[in-house]
Amino acid sequence: MKTIGLIGGMSWGSSAVYYNLINRLVNKRLGGFHSCSCIMISVDFAEIELLMQKNDWKKLDHMMAESALKLEEAGADVVILCTNTMHLCASAIEKQLSVPFLHIAEATGYELVKKGLKKVALLGTKFTMEKDFYRRYINEKFGIEIIIPDANDRETIHNIIFNELVKGEVLEISKSKYVEIINKLQLQGAEGVVLGCTEIPLLISRDDVDIPIFDTTKIHAECSVDWALR
């Protein structure tokens, strides 16, 4: 088994989900007392959030690349970043590493292809929805069209993530708002919806909407286990 390096803390709640999923998947596949060989470095999300608000992506690039290098030096054979938005720093991370970096959008793209979808909606932070790093990656690599909510709905989605979900608050009224937004996107032709924030699966599940959802946390965790065990 290869050792997985995880950059976590964004938020710690979703990072805990990663750890749980990865270990359960390893045990399911190998049985017995098996668990995952992994190393996690967890950052202080308050520092990350402040830099995001300042739009200081140069500093964030440095922090993420430094974290990735620490994992490699500690013995990680592969590195994953336990968040969608911070994949804005993917290039900086990849330049720093000599071991593979498993991109969350690539893992998600393969799942969309498996389902034969051509047009999907993307929910996430405003950074993920409005900057093109995620949409462009999936569109150029897999030929899938990505649509996003309108400006007001993007604001709603973003605020629920930062004001509630990263603090561990899961409210029914917020779930209803997300479902309403997803239903509007379905009317615009979305064949599925990518939950492009690792906090959103804490709020929305496949039973809540009529179109397939793609839980990027679960997809990314499965991809890392596939790599570690192959």
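The values are calculated or read from the model by the stated rules, or taken from the named source; none is laboratory data. Quantities reported herein were computed from a predicted structural model and do not represent experimental measurements. Here the Cβ positions follow ideal geometry from the backbone for every residue, glycine too, while neighbour counts run over all protein chains shown.
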*For Lys131, state whether it is closer than 23 Å to Ile204 by Cβ, of a type outside the set (Ser, Thr, Tyr) and touching a Pro at 6+ places or on another chain (Cβ under 8 Å).*
no
*Looking at region 90-111, which of its residues are out of contact with any helix residue (DSSP H, G or I) (no Cβ under 6 Å at 6 or more places or on another chain), farther than 17 Å from Arg136 by Cα and of a type outside the set (Lys, Arg)?*
Glu94, Ser98, Pro100
*For region 8-22, enumerate the residues that are at pLDDT 95 or above and either in the same structural domain as Gly124 (by TED's automatic domain parsing) or touching an Asp or Glu at 6+ places or on another chain (Cβ under 9 Å) (or both).*
Leu21, Ile22
_Considering residues of region 76-94 that are part of a helix (DSSP H, G or I) and of a type outside the set (Ser, Thr, Tyr) only, the residue surrounded by the most Cβ atoms within 10 Å (Cβ to Cβ)_ = Met86
*Scan Met52, Met10, Met1 and give me the residue that is buried (at least 20 other Cβ atoms within 10 Å of the Cβ) and either among the aromatic types (Phe, Trp, Tyr) or not in a helix (DSSP H, G or I) (or both).*
Met10
_Going by what's in this entry, would Leu25 be described as at pLDDT 95 or above and either within 17 Å of the chain's Cα centre (by Cα) or over 22 Å from Ile219 (Cβ atoms) (or both)?_
no
_Can you say whether Ser67 is assigned to a helix (DSSP H, G or I), surrounded by 18 or more Cβ atoms within 10 Å (Cβ to Cβ), polar (S, T, N, Q) and at pLDDT below 95, as far as the supplied structure shows?_
no
